[in-house]
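Shown next, in structure tokens, is the structure this report addresses.
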Amino acid sequence: IANDHRFTSQAYSSATTQPSGYSGDDEDADVNWDKLGFGLTQTDYMYVMSCCKDQSFLKGRLCRYANIELSPSAGGVYEGMKANRTQDGRILLFRADQNAGRMRHGAERMCMPSPSIDQFIDAVKETVSANKRWIPPPGKGSLYVRPMLLGTGPILGLAPAPEYTFLVYVSPVGYYFKEGTAPLNLYIEEEYVRASPGGAGGVKSITNYAPVMKAIAKAKDRGFSDVLYLDAINKKYLEEVSSCNIFIVKGNVISTPATNGTILEGVTRKSIIEIAKDHGYQVEERPVAVDELVDADEVFCTGTAVGVALVGSITYRNKRIEFRSEGRLVCQQLYSTLVGLQTGRIEDKKGWTLEIN
């Protein structure tokens with residue numbers, strides 16, 4: 001999530017410490033004070049002060065009240081998906097209808113309108129096609145596609161915005177974790193929770209990720225790859241990692257926490273569950289106690305950004321639990337099938353891929 005926020009030329013044209021035409025308290029505003037309610041009334045000036053990451057705020061200034069310009073990668077209700085280039089030059093999207101449906105679900109929870117499934121898919125196809133020169137060659141990465149839904153209308157009180165904007169932007173990407181394909185080392189967080197029952201843990205929006213920033217920073221300072229969160233009530237059941245779902249393997253059984261409103265229903269998660277069943281594994285969606293990690297053979301994460309990522313260890317209450325990370329791994333078998341479908345190496349008999357002409 002970017003925090004690039006620039007102000008329009010309209011705002012800056014009069015952005016001085018004492019703006020031209022500043023009248024102070026000399027004149028009364030043209031307002032019927034007897035009928036004043038709690039709503040947004042545009043006034044004359046606003047104060048602007050900017051700050052970059054890892055820096056301090058600099059002295060601000062008054063400027064005329066005006067719209068501000070935001071990076072399209074600012075926060076909101078959003079989706080994440082990938083476009084891949086095949087060996088024969090085709091461009092494939094993976095399960096775009098699932099992302100469209102999830103955005104509609106999230107928008108409904110956040111009291112926002114959303115584009116139809118067809119509008120969503122058409123917008124993604126147009127954006128990817130227009131940016132096809134940015135799609136990495138096969139095996140070199142993917143084009144990450146970010147559909148975004150923002151409340152962009154003016155409002156002061158606690159209520160849905162009066163206007164919304166849907167946009168799609170893309171960016172070529174490689175590995176999500178700095179470890180690349182190396183096993184991840186996770187840390188189980190007990191002080192901070194990611195989501196609670198009745199909240200928006202199952203919605204892919206900035207509200208779902210902002211609570212994890214503090215925990216991630218603390219874990220990475222200690223050398224961990226990411227954080228695995230527990231349920232907010234009992235703090236004994238696995239939920240998910242900051243940006244991906246979690247799976248544990250024991251023999252022929254693959255278990256993953258059930259989505260119950262606090263866990264994001266990942267499209268990759270859903271796909272891996274179906275692929276695992278096709279390969280003959282028994283898949284259980286259920287509460288997974290943290291104590292079960294001790295007996296797990298293998299642990300892995302799934303997500304659009306991460307793909308399928310092997311977990312080498314999880315540290316819980318200062319005890320490091322290690323898992324199988326060599327030899328014939330279940331997650332590698334599943335990942336190979338997933339990528340094969342996404343890149344056209346394996347025939348898609350499920351109707352999951354969409355070719356962009």
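Here are some notes:
- Solvent exposure of the stretch 177-304 amounts to 40 Å² per residue of accessible area, where only protein heavy atoms count and the probe is 1.4 Å.
- Leading residue at positive end of dipole, the stretch 52-141 (Cβ point charges), from Ser71, Cys52, Cys111: Cys52
- A cysteine counts as unpartnered when no other cysteine's C-beta lies under 4.7 Å of its own; in the chain this applies to Cys51, Cys52, Cys63, Cys111, Cys331.
- Alpha-carbon radius of gyration plus Dmax, which is the widest Cα pair, for the chain in Å: 23.6, 79
- For the stretch 203-357, taking Cα atoms only, Rg and Dmax work out to 15.9, 52 Å respectively.
- Net dipole in debye of the stretch 45-173 [+1 Lys, Arg Cβ; -1 Asp, Glu Cβ; about Cα centre; nearest 20]: 440
- Of the residues Val306, Ser205, Pro287, the one whose Cα sits farthest towards the positive end of the charge dipole of the stretch 184-343 is Ser205 (charges of +1 on Lys and Arg Cβ, -1 on Asp and Glu Cβ, taken about the Cα centre).
- Whole-percent carbon and sulfur share, accessible surface of the chain, 1.4 Å: 48
- Considering only Leu334, Leu150, Leu158, the Gaussian network model of the chain with Cα springs below 10 Å gives its largest mean-square fluctuation to Leu158.
- Debye, to nearest 20: dipole size of the chain, +1 on Lys, Arg Cβ, -1 on Asp, Glu Cβ: 1120
- Residues whose amide H lies under 5 Å from that of Thr304, counting only those 5 or more places away or on a different chain, are Thr268; hydrogens are built 1.01 Å from N in the peptide plane.
- Rounded to the nearest 20 debye, dipole of the stretch 184-343 from Cβ charges on Lys, Arg, Asp, Glu: 300
- Two tests apply to each whole DSSP H helix in the chain, Cα reach of 15 Å or more along its axis and mean Kyte-Doolittle hydropathy of at least 0.5, and the ones passing both are 330-342.
- Pairs of alpha carbons in the stretch 45-173 whose separation is greater than 20 Å (percent): 56
The values are calculated or read from the model by the stated rules, or taken from the named source; none is laboratory data. Everything numeric here is computed off the predicted structure, so don't read it as measured data. Please note: Cβ atoms are built from the backbone with ideal geometry, for glycine as well, and neighbour counts cover all protein chains shown. Heavy atoms of the whole protein, side chains included, go into the accessibility calculation; ligands, DNA and RNA do not. Shrake-Rupley method; radii C 1.70, N 1.55, O 1.52, S 1.80 Å.
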